[in-house]
Each structure stands twice: as C-alpha cells, then as structure tokens.
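The values are calculated or read from the model by the stated rules, or taken from the named source; none is laboratory data. Just so it is clear, the model here is predicted, and its values are computed rather than measured. A quick note on method: Cβ atoms are made from the backbone with ideal geometry, for glycine too, and the neighbour counts reach across all protein chains shown. All accessible areas refer to the heavy atoms of the entire protein, side chains included, with ligands and DNA or RNA removed. Shrake-Rupley method; radii C 1.70, N 1.55, O 1.52, S 1.80 Å.
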Amino acid sequence: MDVPVGAVVYGPDGTELAVGRNERELTGDPTAHAEVLALRRAAARLGRWRLDDCTLVVTLEPCTMCAGALVLARISTVVFGAWEPKTGAAGSLWDVLRDRRLNHRPEVYSGVLAAENAAVLRAFFR
C-alpha cells in the first residue's frame with residue numbers, strides 16, 4: 001500500500017489540470033511520487049513541459065526528486081501541507097525550491113493545513 005500523498009496541478013486560471021497520488025508500490029516505479037505523476041499528466045494535458053503560471057498543491061513537503069522536477073517544469077507556485085523532516089526539500093532538510101543557484105525558483109507556501117495532513121500520514125503508519 002502506498003503512502004497517502006496526493007498532488008494537484010492547477011492552471012493559471014485555477015482550473016484543475018491533473019492529479020497524482022503516490023503509486024510506487026502499485027506500479028513498482030521508484031519515481032511514481034504524487035508530484036511527478038501530477039506534473040506528467042498536466043504536461044500531457046497542456047501538450048508542453050513548461051508549466052509556468054501553474055500551481056502544484058501537495059499534502060507533504062516534496063523530496064529532492066520532486067523538488068527538482070518542480071523546478072525543471074517551471075511551476076510558478078508550490079503549496080504543501082505537512083513538513084517532512086527526513087527527506088523534505090522545500091525547507092526542512094534542504095531547500096531546493098528556493099536555491100538561488102538554480103534558474104527557476106517557484107513561490108512556496110508551506111505548512112498549509114499541516115496538522116490535518118500530518119494526521120493522515122500518522123494514521124497510515126500506525
């Protein structure tokens with residue numbers, strides 16, 4: 001059973017473009033994180049890899065792989081819920097999303113509904 005993490009990509013006008021949920025266990029794909037799947041689906045829907053002016057909302061702080069993908073996709077805004085102190089790359093362990101050495105830095109809103117998102121994850125791991 002996959003860890004219950006979900007992500008949604010919204011277009012510039014607020015339209016829901018794509019959703020993703022963790023599918024690593026389901027698919028046997030180590031890259032099948034919610035954020036990556038949502039990015040892939042949004043890009044396919046728009047017919048382009050650049051997702052500038054789009055927003056990604058995710059229940060858990062992105063890991064380094066996902067943060068890198070968000071930067072490379074040129075996502076404009078990232079909103080996340082629960083902090084991930086073990087692997088988080090949006091301020092906890094690393095801050096890939098705001099690294100000034102990179103060519104793109106999305107706006108980041110952290111800790112949105114953090115307690116509610118963390119409760120779902122704690123329940124899963126019990």
Checking the structure you have, find out if any residue of the range 43-62 is outside any helix (DSSP H, G or I), touching a residue at least 24 places away in the same chain (Cβ under 8 Å), more than 18 Å from Ala18 (Cα to Cα) and in contact with a Gly (Cβ under 9 Å, 6 or more places away or on another chain).
yes
Does the range 15-49 hold any residues that are touching a helix residue (DSSP H, G or I) at 6+ places or on another chain (Cβ under 8 Å) and farther than 21 Å from Leu121 by Cα, and which are they?
Leu17, Ala18, Leu39, Trp49
Residue check: is Arg98 farther than 14 Å from Ala38 by Cα and free of Cβ contacts under 8 Å to residues at least 24 places away in the same chain?
yes
Is it true that some residue in the range 23-34 is part of a strand (DSSP E or B) and either over 10 Å from the mean Cα position of the chain (by Cα) or within 26 Å of Met1 (Cα to Cα) (or both)?
no
Return a yes/no flag: does the range 57-66 have any residue that is open to solvent by less than 10 Å² (accessible area, probe 1.4 Å) and over 8 Å from the mean Cα position of the chain (by Cα).
no
Among the residues listed as Ala7, Ala69, the single one being assigned to a helix (DSSP H, G or I), among the small types (Gly, Ala, Ser) and within 14 Å of the chain's Cα centre (by Cα)
Ala69
